[in-house]
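Since the structure comes first, as structure tokens, the remarks are kept for the end.
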Amino acid sequence: MTAIVNNSARQVRLLILDIDGVLTDGGLQFDNRGEEYKTFSSLDGHGIRMMLDCGIEIAVITGRKSAIVDHRMGDLGVRHIHQGCRDKLAAFTKLLQATGLKPDQVAYVGDDLPDLPIMRRVGLAIAVQNAHAFVKQHCDWVTSLPGGSGAVREVTDFILQAQSLLEDKQNGYLK
């Protein structure tokens with residue numbers, strides 16, 4: 001990890017996540033009635049909770065709409081949920097206004113071309129390991145894990161470590 005990436009991670013006060021391909025493996029599963037299914041990593045979920053416990057906000061911005069996302073993010077305590085966003089940049093602008101944060105205080109994790117407008121504006125742009133090659137060329141860091149398989153936990157641990165918060169959070173479980 002470069003010093004620039006570490007320094008950017010120290011500034012993060014908001015982590016924005018895409019859903020399909022980042023918090024899931026990107027596969028779309030439907031039953032015969034058209035009901036959608038998504039699989040989320042429990043490791044990613046705990047990383048999100050640790051970030052929130054440390055006072056770092058979490059948001060999701062996704063192009064699709066799914067009740068499953070509302071349910072999962074609500075269960076984790078994520079308050080900033082933006083679904084059905086054809087224009088992710090507009091949702092990003094609203095988030096900055098709502099939180100009062102500056103773009104350099106934000107990290108974004110994406111995997112595909114619609115994520116690039118935000119990734120090019122934030123302080124720390126991250127692509128998951130299985131992201132589109134063009135997206136990987138335009139980010140600050142690529143995770144070693146693919147989306148839906150612990151990539152978000154890799155990101156949350158990295159940010160917490162950069163802010164000297166990870167060790168205390170982990171040691172709290174040794175009681």
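The values are calculated or read from the model by the stated rules, or taken from the named source; none is laboratory data. All figures in this text were calculated on a predicted structure; none of them were measured in a lab. As a convention, Cβ positions derive from the backbone with ideal geometry for all residues, glycine included, and neighbour counts pool all protein chains shown.
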| Any chance residue 171 is of a type in the set (S, T, N, Q), over 14 Å from the mean Cα position of the chain (by Cα) and modelled with pLDDT of 95 or more | no
| task | Report whether or not residue 47 is touching a residue at least 12 places away in the same chain (Cβ under 8 Å) and either crowded, with 19+ Cβ neighbours inside 10 Å or among the charged types (D, E, K, R) (or both). | result | yes
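Here is a yes/no grid of residues against (1) crowded, with 18+ Cβ neighbours inside 10 Å; (2) of a type in the set (D, E, K, R); (3) touching a residue at least 40 places away in the same chain (Cβ under 8 Å); (4) not in a loop (DSSP other than H, G, I, E, B):
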| residue | (1), (2), (3), (4) |
| --- | --- |
| 73 | yes, no, no, yes |
| 81 | no, no, no, yes |
| 97 | no, no, no, yes |
| 108 | yes, no, yes, yes |
| 147 | yes, no, yes, no |
| message | List pairs: first residue in the range 1-22 and touching a residue at least 12 places away in the same chain (Cβ under 8 Å) and hydroxyl-bearing (Ser, Thr, Tyr), second residue surrounded by 23 or more Cβ atoms within 10 Å (Cβ to Cβ) and not in a helix (DSSP H, G or I) anywhere in the structure, Cβ distance under 7 angstrom, at least six positions apart or on different chains. | response | 8/124
| remark: Considering residues that are over 14 Å from residue 4 (Cβ atoms), touching a residue at least 60 places away in the same chain (Cβ under 8 Å) and touching a Pro at 6+ places or on another chain (Cβ under 8 Å), the number found within the range 120-136 is 2
| note | Scanning the range 149-175 residue by residue, the ones that are among the aliphatic types (A, V, I, L, M), surrounded by fewer than 21 Cβ atoms within 10 Å (Cβ to Cβ) and either free of Cβ contacts under 8 Å to residues at least 60 places away in the same chain or in a helix (DSSP H, G or I) (or both) total 3
| task | Can you work out which of the residues in the range 23-42 that are in a strand (DSSP E or B) and in contact (Cβ under 8 Å) with a residue 24 or more places away in the chain is farthest from the chain's Cα centre (by Cα)? | result | 36
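For residues that are out of contact with any Gly (no Cβ under 7 Å at 6 or more places or on another chain) and modelled with pLDDT of 85 or more, scanning just the range 13-29, find the one that is farthest from residue 148 (Cα to Cα).
Start the filter on the range 13-29 by keeping residues that are out of contact with any Gly (no Cβ under 7 Å at 6 or more places or on another chain), which leaves 13-17, 19, 27-29.
From what is left, the residues that are modelled with pLDDT of 85 or more are 13-17, 19.
On the way: 13: 23, 14: 20, 15: 16, 16: 15, 17: 12, 19: 9 Å.
Once the filter is applied, the top-ranked residue is 13.
For the range 125-142, what are the residues that are among the aliphatic types (A, V, I, L, M), in a helix (DSSP H, G or I) and out of contact with any Asp or Glu (no Cβ under 8 Å at 6 or more places or on another chain)? Don't jump to the end; show me each part of the working.
Step one: of the range 125-142, the residues among the aliphatic types (A, V, I, L, M) are 125-128, 131, 133, 135, 142.
Within this subset, residues satisfying the condition of being in a helix (DSSP H, G or I) are 133, 135.
Across the range 125-142, the qualifying residue is only 133.
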| For residue 45, are the conditions met, namely being in a helix (DSSP H, G or I), of a type outside the set (S, T, N, Q) and under 16 Å from the mean Cα position of the chain (by Cα)? | yes
